[in-house]
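The values are calculated or read from the model by the stated rules, or taken from the named source; none is laboratory data. Model, not experiment: these values are computed from the prediction. Note: ideal-geometry Cβ built from the backbone for every residue, glycine included; neighbour counts use all protein chains shown. Side chains included, ligands, DNA and RNA excluded: accessible areas come from the protein's heavy atoms. Shrake-Rupley method; radii C 1.70, N 1.55, O 1.52, S 1.80 Å.
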Amino acid sequence: MCPSDSPGQDTAAEKSAEPGFAQNTIERLFEFSPDAILVADKEGVMQAANPRAEELFGYSTQELIGRPIEMLVPARFRGGHPRHRENYSAHPRTRQMGAALNLFGLRKDGVEFPVDIMLKPMQTESGHAVVSFIRDATEQRAAQEALRINDLRLRSIVESIGEYAIYLLDRDGHVLTWNPGAERIKGYKADEVLGLHFSRFFTQEDQERDRPAELLHQAAARERVEEDGWRVRKDGSRFWANVVITAIRDSSGEVTGFAKVTRDTTDRKRAEEALIFQLSGALLANMDAGKLLEAISASIREVIPHDNAGLVLHDAASDDMVVQFLGEAGTDAFQGELRVPIDSSLSGIAFRTREPVLLENIAKSSHGPDSLNYLKRMGMRSGVWVPLVHHGKALGALSVVSRQEGSFGQREVEMLVQIAGQVAMAVDNAMAFRRIAELRDRLNQEKQYLEEEINVEHRFDDIVGESTGLRNVLRQIETVAPTDATVLIEGETGTGKELLARAIHRLSARSERTFIKLNCAAIPAGLIESELFGHEKGAFTGAIARKIGRVELAHEGTLFLDEVGELPLDLQPKLLRALQEREIERLGGTRPIAVNVRLIAATNRDLAKMVAEKEFRSDLYYRLKVFPVFAPPLRERAADIPILVRHFVSRHARRMGKTIATIPPEAMAALVAWKWPGNIRELENFLERAVILSRGPALHVPLAELEAMEEEEENATEVKSTLHAAERDHILRALREAKGIIGGPGGAAERLGLKRTTLNSKIKKLGIERGDYM
């Protein structure tokens, strides 16, 4: 018995033939169709709609059934739609989708959208009907429009570009298309060249060695080939061309032809050759490092478009590579020079191997990430590094980098190699010149400083005086001078501290070297660091040239810091480091500079008190006070005043061309009796004025001025005493009102508008005791 004869079993063919199965399939297709399906009678009234129709148009089935299909047609097409429907009813036929009709639908929210519609006539028991299959064509139309626009743009670009010859070749190399750029560059019109082999554009030499066929073979193997070389125009003239040939393949991968782009770069070729010549002259003429970098930057930019270039030199002392950006770096990431490791950096590899390094994608490089981070932070994505070698000695590398991947090829490498040869020679010369220039600058600045010192009218030609106090000081100087110990000279203003410092220098082993002076109170706080330690060009606004600081100028000599108590707190650690480590760094510099300096400091302030009040660093104070010397005030050297008077009178009379033979005894007595709060400086200034006023051989001393000054001093003392008394009474009154409470709410400090610590200091200074107000 055959299986088909078994009771209760139906074959698949018998089951599919049942009407119920077909009906079920049609219903499921209607329900799950990806297209909207609408059934309308001959009057255009909708009788059925599937779920996709609801989704597409935004109406529910109940809103669609029984309504005219024109409700789904935009108003601008609605008037003519009944006529089209009547015409279709008269000639019913199946109309497929994509029938080149520009159709639109209308959603419930009023939004129009493009559609494709297939119409299928159908005869039902109720009569004639039409089934509409509707598909949203928004994406399809957008893609078609984009394709159309792109095609138009491409055609427009190819036809309008006059700088490039753009044309197609068949698989054997025959010309298929020809654009205006090709006509301009090569001299052929389209009807003269179409169908001819492209080998006619090559030189005779290239044709003989079958270079055209070789290029097509390389393009087919590599997909794309690029080269620079000579090409021939219709009139036989040659031009230097950049040529790119790209293989075109069909869907199976077979080569069907080639796209060829040619650009006339003759002017660029000649410019490169001229630039190499110009660069040679420019580099040899610019021994200054800054001008050298500018010359290199300008030359490279003219022949190789890039975003940044760098001169990377080997530092033998630290055995790493120092990157100096050429021109404007184009970024705020780095200023000045940058150091990278010699072993893992690309510049280091070029330096060690003496071979160029070409990197098309920095982000995907396998080289050490630490050496590439600075390039990534600058946004650079490709670059070339070529070695700098002169007379067999590797100096460093020359680099160019770009923010685009694959910006450089073999042509750029070859050009950089040519440039690098000239740059290496210039760098070698510049390095030698820089060493000479640094020595020359130092000598020039020392000379300028010494000339300024010579022009300064010193307070003494020599130390004048015979008092016991002065002889004690001189014995101390004689003891400490031969050593290299730091000396701190303390004393009031005008006591001749600088003269004592010079005496120490003259008696020391450094007397043949420079004595450098810096008055810490005479220079603005913002400039004193530069004066002390120097700066590099560009270290700050206004730093237009390198400056050697006073510490460096005093190398192997003596540095005298006058008014050292005025040295800013933030600079004191740097000075201490220079004394202890014997090295400094210029502002904006990156390398330490060794210095051997003997320091002498002077002050008229109480440094110990400043240390206690946190106004001066204790470590620097103790470092300065290795050997303290006290310059006695003039009031403690009364025995020296007659000697000083005769000394100053003789000096100023000689300078003014006067002859002063005598000094009246009463005048000398008055001069000895005066306390001279300004010390020797005040005495000299007073005697200079006396010499000016003298008209004969006797010194005319304006004693009335001394009496006036004494009266002013007495008045000032009286005023000061009165102010102190008033301030004391005011504080006592506040203390009594606060019932002896100094700090806190309602305390005396709050009543006086003072800080508690300030009030405590005033109470101590004015000698106020608790019993005075309680």
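A few points about this structure:
- Positive dipole terminus of the stretch 113-153, leading residue within 150, 118, 129 (C-beta point charges): 150
- Fraction of C-alpha pairs exceeding 12 angstrom in the stretch 529-579: 69 percent, rounded to a whole number.
- Under 5 Å between amide hydrogens, built in the peptide plane, is the criterion, and for residue 395 it picks out 388, 389, 390 among residues at least 5 positions away or on other chains.
- Stretch gain in nm, segment residue 123-residue 417, where the contour uses 0.36 nm per residue and the Cα spacing is subtracted: 97.4 nm
- The magnitude of the dipole of the stretch 559-604, with charges of +1 and -1 set on the Cβ of Lys/Arg and Asp/Glu and taken from the Cα centre, is near 260 debye.
- The stretch 388-400 - phi-based ³J(HN,Hα) in whole Hz, Karplus 6.51/-1.76/1.60, Gly and Pro as x: 9, 10, 9, 6, x, 10, 7, 9, x, 8, 10, 10, 10
- Placing a pseudo-label 7 Å from each Cα along the Cα-to-Cβ vector at residue 220 and residue 523 gives an inter-label distance of 7.7 nm.
- Of the trypsin sites (Lys or Arg not before Pro) in the stretch 188-252, the ones in a loop by DSSP (not H, G, I, E or B) with at most 16 other beta carbons within 10 Å are 189, 209, 233, 234.
- Amide H within-cut-off set for residue 339, under 5 Å, with H built and near neighbours excluded: 323
- Residue-span extension gain [residue 168 to residue 48] - 0.36 nm each, minus C-alpha spacing: 37.6 nm
- Per-pair calculated FRET efficiency, R0 = 35 Å: residue 540 and residue 661 via Cβ, rounded to 0.05: 0.05
- Our note on the geometry: Cα centres of the stretch 618-682 and the stretch 554-593, 32 Å apart.
- The HN-Hα couplings worked out from phi for the stretch 244-251 by the Karplus form 6.51 cos²θ - 1.76 cosθ + 1.60 (θ = phi - 60°) are 10, 10, 10, 6, 10, 10, 8, 5 Hz, whole numbers, x standing for Gly and Pro.
- Segment residue 612-residue 112, extension gain: residue separation times 0.36 nm, minus the distance between their alpha carbons: 171.3 nm
- Distance between the modelled labels on residue 317 and residue 102, one decimal in nanometres: 7.8 nm (7 Å Cα→Cβ projection).
- Cα gyration tensor category, rounded, prolate or oblate, for the stretch 559-686 with a/c compared to 1.5: prolate
- Here the Karplus relation 6.51 cos²θ - 1.76 cosθ + 1.60, evaluated at θ = phi - 60°, turns the backbone of the stretch 612-627 into coupling constants of 5, 8, 6, 9, 8, 6, 5, 5, 5, 4, 5, 5, 6, 8, 5, 9 Hz, with x for every Gly and Pro.
- In this label model, residue 254 and residue 146 are separated by 3.2 nm, measuring between points 7 Å along each Cα→Cβ vector.
- Count of lysine pairs in the stretch 459-607 with Cα separation under 23 Å (8 or more residues apart, or interchain): 6
- Rounded Å value of the spacing that divides the Cα centres of the stretch 167-245 and the stretch 391-418: 29 Å
- Accessible surface of residue 732 - all protein chains present, 1.4 Å probe, nearest 10 Å²: 10 Å²
- Amide hydrogen neighbours beyond the local backbone of residue 549, cut-off 5 Å, H modeled: 534, 535
- Efficiency of FRET between residue 737 and residue 582 - r from beta-carbon atoms, R0 51 angstrom, step 0.05: 0.25
- Among the trypsin sites (Lys or Arg not before Pro) in the stretch 37-98, those located in a DSSP loop and surrounded by at most 11 other Cβ atoms within 10 Å of their own Cβ are 93.
- Using the Cβ-Cβ distance between residue 29 and residue 65 with R0 set to 25 Å, the FRET efficiency works out to roughly 0.80.
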